[in-house]
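Derivation of every value follows stated rules applied to the coordinates shown; laboratory data play no part. None of these values were measured; they are calculated from a predicted model. Note that each Cβ is placed from the backbone with ideal geometry, even for glycine, and that neighbours are counted across all protein chains shown.
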Amino acid sequence: MEWKLIHAEMARTEEDGFVGKVHFEVSGHKKPYEIALQSKKGKDWAYGLFFLNEAGPEEEIEQVEEELEENDEMYEALVEAARSSYAPEG
């Protein structure tokens, strides 16, 4: 599955730990996506996958969800995009 990074960001709070999001497009899909990421210590990540601005075809988001479950390389690249955007304050 070919995808292209649009935007990535990450912040850290005392309460939630690391919270990030990555916007990306997938070749041949009608709408872009956002993956929201959260990790208390920056090691084990929970995520949610959404359409970025408006809903798109359900079968397309299901394809991306399946790809994220099976393709560690894609998942890690999205996490790394968010992590690399993190700039601690102070």
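In the chain, a dipole from Cβ-located charges (positive for Lys and Arg, negative for Asp and Glu) runs towards its positive end, and of Phe18, Gln38, Ala77 it is Phe18 whose Cα lies farthest in that direction. Note on Lys43: aspartates and glutamates with a C-alpha under 15 Å away, same-chain residues under 8 apart excluded, are Asp16, Asp72, Glu76, Glu80. Taken along the Cα-to-beta-carbon direction at a fixed 7 Å, the label points for Leu5 and Glu73 span 1.7 nm.
Across region 37-90 the C-alpha pair distances fall into 5 Å bins from zero in the proportions 4, 15, 24, 23, 17, 10, 5, 2, 1 percent. If a spin label sat at a point 7 angstrom from the Cα of Glu60 along the line to its beta carbon, the backbone N atoms of region 1-39 nearer than 14 Å would be those of 2-4, 24-34.
Which of the GluC sites (Glu not before Pro) across the chain are loop residues per DSSP, with 10 or fewer other Cβ within 10 Å?
Values: sites: Glu2, Glu9, Glu14, Glu15, Glu25, Glu34, Glu54, Glu58, Glu59, Glu60, Glu62, Glu65, Glu66, Glu67, Glu69, Glu70, Glu73, Glu76, Glu80, Glu89; in loops: Glu2, Glu14, Glu15, Glu54, Glu89.
Passing both the DSSP loop test and the Cβ count: Glu2, Glu14, Glu15, Glu54, Glu89.
Two numbers describe the Cα atoms of the chain: Rg and Dmax, which are 13.1, 44 Å.
The 3J(HN,Hα) values that the Karplus relation (6.51, -1.76, 1.60; θ = phi - 60°) gives for region 6-16 are, in residue order, 9, 7, 9, 8, 8, 9, 9, 10, 4, 6, 9 Hz. Gly and Pro appear as x. For region 79-88, putting each phi into the Karplus relation 6.51 cos²θ - 1.76 cosθ + 1.60 with θ = phi - 60° gives couplings of 4, 5, 4, 5, 4, 6, 8, 6, 10, x Hz, in residue order, rounded to whole numbers and with x for Gly and Pro.
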